[in-house]
Structure formats: C-alpha cells, structure tokens
Amino acid sequence: MYIKNIKEIKISLRARYRKFRSRLGEDQKAGMDSKIQNRLLALREYTGAETVFTYVSKPIEVDTIALIKTALASGKRVAAPRCVPDTYDMEFFYITSLDDLEKGSFGVLEPSPSKCRKVTNFSKGLCIVPGLSFDSQGYRLGYGKGYYDRFLAGFGGTTVGICYSGCVQWNLPHGYYDKPVDILITEKYIRRMVNQRAGG
C-alpha cells in the first residue's frame, strides 16, 4: 500500500510540474534559462571540469542547447546521453557539435553512434542532471523511467541539478538507493548540499 501511495504521489507531482512548465511564457522561460546557465558557468566545478555530461533539452526542460554551444566553444569535452533500446539504461557519447545529434528515443535529440565516440570513463567530470522537480536535499523527481537513477549510481564526478525555483519543494519521496545531486541551481539561487563530497 505504501509503495502504491508513493507512485500515486509521484504521478500527481509530475503532472503538477509539467503544467507549471507548460504555462511559462516563451520570454519568461528564456530569461530563467539564461539566469540558470549564467550561475552554472560561474561554478568552480564547471570551470575545472574537462568533460561536461549533459542532457539535450526538450521544450519543457531547462534549456541546455546554449550550454552545449558555450562548453564546446570554450574547449570542453561534451558528452550527451543515448537511451539503449529495449532497456532503461543509457550510454554517453562525446559530441563535437549539435550536428552530431539525431532524433532518438521519445523524440529526444541523441548522439549518433556512427559519428560519436562512446564514453567509458565516468570517474570524474560535471554531470548536468534533468528533473521535473528537486527538493531541498537535492533529490529529484524524474520522468519515471529511471535512466538517470541507474547512471548516477556509477558516476564519480560532480552532479548538478538545474530546475526552475517554482518546481522545487522542501521534500520529495525518494528511495534508499536514490542519489541526491551535489549542487542545485535555479534562476534564483545555487544550493550546495551538505552531503556534497569534499573537494567538489
């Protein structure tokens, strides 16, 4: 019964935060996206990272297209995820431009395996983590497929959640194996989690 209630709560929360995002005006969203990106680019963890792992944003998400362009222009290695067919796993591939992307799972732009080299080292780097909502401890509410939960379990670098402040709440339901992000960035603030690993 408890598990069923958690599932129902998550479904309700996903609907709420999808609605919030769908109601954002184009200029309003662009302004918030820009503020989030500026905060991210100013992070010492971003400045010091050789590789940036990032999702390729859908219209409902905090924009990462501008971030990808900026990171590539500054000489960083950028890796984007590709969903492995018939599984809930994803692989990351290095991209050198947006031309390396193609329509993949769920209509999301993904790296083309024929053009890109697969990432094998996940011991360091900065990972930009998507979420419909985050809470004050850095736990996230994803889309329910578990792709990022599985990936983050084996990621050794710094994780940064990016989210609109209107989608952040004090507590989200989470399981024993869920990993909070190290840093949460909204258009209004940067929050470093108390559980962040020493040295960032």
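Residues Lys124, Lys179, Lys115: which one is modelled with pLDDT under 95 and among the basic types (Lys, Arg)? So that I can check it myself, show each step before the final result.
On the way: Lys124 fails: modelled with pLDDT under 95; Lys115 fails: modelled with pLDDT under 95.
Result of the check over Lys124, Lys179, Lys115: Lys179.
From the residues in region 148-171 that are of a type in the set (A, V, I, L, M) and at pLDDT 95 or above, which one is nearest to Lys7 (Cα to Cα)?
From region 148-171, those of a type in the set (A, V, I, L, M) are 152-153, 160, 162, 168; that's our starting set.
Now drop any that are not at pLDDT 95 or above, which leaves 160, 162, 168.
Numbers: Val160: 25, Ile162: 23, Val168: 19 Å.
Out of the qualifying residues, it is Val168.
Go through (1) touching a residue at least 40 places away in the same chain (Cβ under 8 Å); (2) closer than 22 Å to Leu41 by Cβ; (3) buried (at least 16 other Cβ atoms within 10 Å of the Cβ) and name the single condition Lys124 misses.
(3)
Kindly indicate whether any position in region 2-11 is in contact with a helix residue (DSSP H, G or I) (Cβ under 8 Å, 6 or more places away or on another chain) and either at pLDDT 95 or above or of a type in the set (A, V, I, L, M, F, W, C) (or both). Write out each step before concluding.
To start, the set of residues in region 2-11 that are in contact with a helix residue (DSSP H, G or I) (Cβ under 8 Å, 6 or more places away or on another chain) comprises none.
No, because not a single residue in region 2-11 is in contact with a helix residue (DSSP H, G or I) (Cβ under 8 Å, 6 or more places away or on another chain) and either at pLDDT 95 or above or of a type in the set (A, V, I, L, M, F, W, C) (or both).
Can you tell me which of Gly161, Gly157, Gly75 is closer than 20 Å to Thr51 by Cα and free of Cβ contacts under 8 Å to residues at least 12 places away in the same chain? Break it down stepwise before answering.
Numbers: Gly161 fails: free of Cβ contacts under 8 Å to residues at least 12 places away in the same chain; Gly157 fails: free of Cβ contacts under 8 Å to residues at least 12 places away in the same chain.
Just a single option satisfies the conditions, and that option is Gly75.
The values are calculated or read from the model by the stated rules, or taken from the named source; none is laboratory data. All values derive from a computational prediction rather than experimental measurement. Every residue, glycine as well, gets a Cβ built from its backbone with ideal geometry; the counts of neighbours run over all protein chains shown.
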